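The values are calculated or read from the model by the stated rules, or taken from the named source; none is laboratory data. Keep in mind it's a predicted model, so treat the numbers as computed, not measured. Neighbour counts run over all protein chains shown; Cβ positions are idealised from the backbone, glycine included.
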Amino acid sequence: MQKILNYIHGHLTEPNSRNYLDDINPAEGKVYCQLPDSDRKDVNQAAHAARLAFPEWSAMPVKKRSDILLKIADLIDRDLEKLALAESIDNGKPLKLATELDIPRASANIRFFATAILHFSSEAHLSDNEAVNYTIRSPLGVVGCISPWNLPLYLFTWKIAPALASGNTVVAKPSELTPMTAFLFSELCMEAGLPAGVLNVVHGLGDKVGQAINEHTEITAISFTGGTATGRKIAATAAPMFKKLSLELGGKNANIIFADCDVEQAINTSIKSSFSNQGEICLCGSRILVERNFYNTFVEAFVAKTKRLRINDPLQADTDLGALVSEAHMNKVLSYIELAKLEGGTVLTGGKRVVVEGRCSEGYFVEPTVIVGLDQNCRTNQEEIFGPVVTIMPFDTEQEALELANATAYGLSATVWTENLKRAHNISHQLKSGIVWVNCWLYRDLRTPFGGMKQSGVGREGGLEALRFFTEAKNVCIRL
Ligand code: TXE
């Protein structure tokens, strides 16, 4: 059986414990490879390697650093098919999605930050002709990047690319549920000539490897994407150590649909924002709010389209929804559907596990599910389900839509559908979320700030925000 290895100091290495964990193919419900069950010792070695590599990497001319990263991006593009297949097998997502979204975005992330760093400038201020101030931005040193399982290589690169481009060295931990593409990525780093120790990838469990990263005294910053409960744990350890923290956590995003919207676009895109990647995207619009005079029309059309989605073997070209990432996650999603019924909801379509014939008969598939009749305050409408489950609720006024949209502990993203420009601006400004899409969803420009308010996180990623996070500002004031 294939074994994934850690990547420490430029070498693929076994964990010190020599213990391995099973990696399951969620579409088949079967173990298909093994990953290191690493521990604190491996993290210490990785941090040591990163510390040794830091002086040379941070002092390297920016153009040279950029060239090495660009080479890695080229290698990702070369291996698109191989990486997409690996991602689909490891995560359960449709191969088509991995080919069109995950892997191209991974190389785009690296290319973006490899070139952004060439244009990263410092500010200078002339103060009343009496002094000149200029700001130096230096890399932090060794940083930790902890990534989740829903968009494995995509989110892994979203963190390590700005960290490396700005001159830091990295100890990274991919999710134990989807370690494969980070392992393949390690091989590409070796091929591209990334100096030993600049990136170190330690595989294993969150409460062992992740926690050792949180606690390591030489790791000065942590960039994390994952669940809110985990984010809280990381902050509890790292904040008293005064580490810099960037936390991208969960969401319970509102998708607000006014009757004056472009109906076809609103419905087609809402299908995507509800069920793409089986609903396992933190930006999915899991609460659909519809203006009452359009509610029945919307619900009828939306349910009809949902019923036409194909849940099948992720490797089939026409599959819309693949498997959920794990049996535990599938059971969590199914338990929320049961909870929704107990809370008085009506399941209009979906609601059950699906048995896909053939090699996927033991896989973790769940029907795309639409639920109505629930109150905004119930748990189904308050807690992140992170699966192919949406609720639909009516509203009467713009003010009510806004209140419903803002009435959760989360504040990651929101979507608004209206042809009324004034309303679009008004509501966008009042939504308590870090990202608002008007008449679109998941339209991403990598220069824009990315992140959430309230329990959706702390800090912003993307563009200059990420380069600022991974650098320390120092102001030098010189009296003229
Ligand atoms: O994620 P975890 P889980 C949400 C979603 C999901 C829930 C739980 O609602 O159902 O979180 O998912 C590492 N110190 N999202 O438990 O645990 C872990 O090994 C350091 C939203 O699978 O947050 C993995 O690498 N690291 C989300 C990473 O954290 C720790 C994406 C994420 O896993 C750790 C995923 C610790 N103490 C889940 N414990 C999004 N925002 O996109 C775990 N980890």
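Looking at the stretch 183-217 only, could you name the residues that are part of a loop (DSSP other than H, G, I, E, B) and within 16 Å of the ligand (Cβ to nearest atom)? Within the stretch 183-217, Val202, His203, Gly204, Leu205, His216, Thr217 qualify. If we scan the stretch 134-153, do we find a residue that is out of contact with any helix residue (DSSP H, G or I) (no Cβ under 7 Å at 6 or more places or on another chain), buried (at least 20 other Cβ atoms within 10 Å of the Cβ) and outside any loop (DSSP other than H, G, I, E, B)? For the stretch 134-153, residues out of contact with any helix residue (DSSP H, G or I) (no Cβ under 7 Å at 6 or more places or on another chain), buried (at least 20 other Cβ atoms within 10 Å of the Cβ) and outside any loop (DSSP other than H, G, I, E, B): absent.
Every residue, every condition in (1) part of a loop (DSSP other than H, G, I, E, B); (2) closer than 19 Å to Ser276 by Cβ, yes or no:
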residue	(1), (2)
Lys422	no, no
His425	no, no
Ser428	no, no
Lys432	yes, no
Trp437	no, yes
Cys440	yes, yes
Arg444	yes, yes
Thr448	yes, no
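Would you call Pro388 closer than 19 Å to Asn277 by Cα and in contact with a helix residue (DSSP H, G or I) (Cβ under 7 Å, 6 or more places away or on another chain)? Against the criterion (closer than 19 Å to Asn277 by Cα and in contact with a helix residue (DSSP H, G or I) (Cβ under 7 Å, 6 or more places away or on another chain)), Pro388 qualifies.
When residues in the stretch 357-409 are screened for being over 14 Å from Lys341 (Cβ atoms) and in a strand (DSSP E or B), 7 of them pass.
Screening Tyr364 with (1) within 16 Å of the ligand (Cβ to nearest atom); (2) at positive phi gives one miss only, at (2). With respect to Ser175, determine if the residue is under 11 Å from the mean Cα position of the chain (by Cα), within 16 Å of the ligand (Cβ to nearest atom) and buried (at least 22 other Cβ atoms within 10 Å of the Cβ). Against the criterion (under 11 Å from the mean Cα position of the chain (by Cα), within 16 Å of the ligand (Cβ to nearest atom) and buried (at least 22 other Cβ atoms within 10 Å of the Cβ)), Ser175 does not qualify.
Identify, from the list Asn296, Asn277, the residue that is surrounded by fewer than 21 Cβ atoms within 10 Å (Cβ to Cβ) and either assigned by TED's automatic domain parsing to the domain that holds Val389 or hydroxyl-bearing (Ser, Thr, Tyr) (or both).
Step by step, each of Asn296, Asn277 is checked, and only Asn296 is surrounded by fewer than 21 Cβ atoms within 10 Å (Cβ to Cβ) and either assigned by TED's automatic domain parsing to the domain that holds Val389 or hydroxyl-bearing (Ser, Thr, Tyr) (or both).
Only helices (runs of 4 or more DSSP H) whose full extent lies in the stretch 221-315 are considered here, and the ones with at least 2 residues that are within 16 Å of the ligand (Cβ to nearest atom) and either touching a residue at least 60 places away in the same chain (Cβ under 8 Å) or under 25 Å from the mean Cα position of the chain (by Cα) (or both) are 228-238, 263-275. Which of the residues that make up the stretch 407-434 are more than 29 Å from Ser246 (Cβ to Cβ), surrounded by 15 or more Cβ atoms within 10 Å (Cβ to Cβ) and among the hydrophobic types (A, V, I, L, M, F, W, C)? Listed by number, the residues that qualify are Trp417, Ala424.
Taking the criterion of being more than 25 Å from Ser138 (Cβ to Cβ) and of a type outside the set (A, V, I, L, M), the residues of the stretch 187-222 that qualify are Glu187, Glu191, His203, Gly204, Gly206, Asp207, Lys208, Gly210, Gln211.
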